[in-house]
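The values are calculated or read from the model by the stated rules, or taken from the named source; none is laboratory data. These numbers come from a predicted model, not from an experiment. As a convention, Cβ positions derive from the backbone with ideal geometry for all residues, glycine included, and neighbour counts pool all protein chains shown. Surface accessibility is based on the protein's heavy atoms, side chains included, excluding ligands, DNA and RNA. Shrake-Rupley method; radii C 1.70, N 1.55, O 1.52, S 1.80 Å.
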Amino acid sequence: MKRWISFLVVLLALGGLLGCRGKGSAEPKYDEGAPMTLSRGDVSFQSKAASGAQMAEMAGGKADILSLPSTRMIIKRASLSIRVKDVDAAYTRAVQLTEESGGYVQSSTISETEGARAELTVKVAPGGFIHLISAFEELGVVQRKQISGQDVTEEYYDLEAQLQTQLELRKRLFGHLNRARNVEEIIKVEHELQRVDGNVNRIKGRIKYLETMAAESTINLTLCSKVTPRRVPSRYWSNVWRGVVNTTRVLVKILVGILLVLVILVVPLALIGWGIERVVVCIIRKRKRDKAKN
């Protein structure tokens with residue numbers, strides 16, 4: 001009897017083990033990289049779990065496409081006005097300092113109106129920007145100094161993203177152009193391509209400008225000598241002189257008017273009177289001759 005009971009216990013234990021194994025094998029197995037379908041009523045949703053390696057590859061590809069700068073892009077500008085003893089010597093020294101700093105003079109102007117004056121626009125790498133300003137300050141007495149920096153990093157990022165979007169759009173438009181079935185569709189796609197090409201050129205131009213301005217800082221330098229103020233005439237004598245000039249003009253106009261009256265009125269009247277006088281004289285002489293004959 002005990003043997004039968006032991007035999008039944010063993011059979012029950014084996015049955016339980018087999019049942020547990022069957023339930024475990026009935027559970028579905030999901031592949032990490034395989035698509036997973038979830039059903040909700042009549043709608044199906046598919047998702048794909050990306051591995052860590054795939055995510056890294058996607059992130060690396062995006063970074064390569066955008067080609068974003070690793071540091072912030074700052075456009076640096078400065079404006080200096082310095083009073084010096086000798087403008088020519090200071091100008092020569094400023095050019096020398098610029099070349100020693102690895103920069104160059106973009107434009108310059110020298111004038112002698114109301115004292116010598118020189119204006120320079122200097123381009124230099126951002127690394128030598130502050131050093132060159134300090135060197136310029138030693139040329140004389142600083143009268144005015146202004147330094148500014150414009151952060152264009154965000155704009156640069158936005159432009160890169162816009163450029164990538166426009167390039168992708170242009171690629172798709174070329175695909176539509178190849179699949180166009182008639183002339184009307186070709187004209188529409190080409191018109192859209194012209195618009196996209198214009199956007200691409202505009203964005204590339206702005207990106208190039210930002211890169212150039214960030215790569216070269218600008219310094220506007222003004223060198224001037226001490227100006228001797230000109231003597232300004234007294235306001236009283238100025239008013240007197242203005243009164244004399246106005247009076248002279250009035251007198252000249254009066255004299256011109258009198259001459260016009262003489263020419264227009266007096267001269268004709270004088271001629272008429274002289275004619276009448278000659279006629280009267282002739283008549284009187286004729287009568288005298290007639291009396292003498294009688």
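Points to keep in mind about this one:
- Multiplying the residue separation of VAL250 and SER238 by 0.36 nm and removing their Cα-Cα distance gives an extension gain of 2.4 nm.
- Over all other residues within a Cβ to Cβ distance under 13 Å of ASN220, the charged ones net out to +4, with Lys and Arg as +1 and Asp and Glu as -1.
- Shape index of the range 74-224: Rg/Rh, with Rg the Cα radius of gyration and Rh the Kirkwood radius from the inverse mean 1/r over Cα pairs, equals 1.28.
- The range 171-294, accessible area per residue, ligands and nucleic acids excluded (1.4 Å, Å²): 85
- Antiparallel DSSP beta bridges within the range 74-224, as percent of all bridges there, nearest 5: 80
- Apolar share of the accessible surface for the range 74-224: 49 percent from carbon plus sulfur atoms, 1.4 Å probe.
- Computed E for LEU259/LYS293 - FRET, C-beta separation, R0 51 angstrom, nearest 0.05: 0.50
- When the pairs LYS85/LYS145; LYS123/LYS145; LYS188/LYS208; LYS76/LYS208; LYS123/LYS226 are compared against a 25 Å limit on Cα-Cα distance, LYS188/LYS208; LYS123/LYS226 fall above it.
- Charge sum, other residues only, whose C-beta stays under 9 Å from ILE147's C-beta, Lys/Arg counted +1 and Asp/Glu -1: +3
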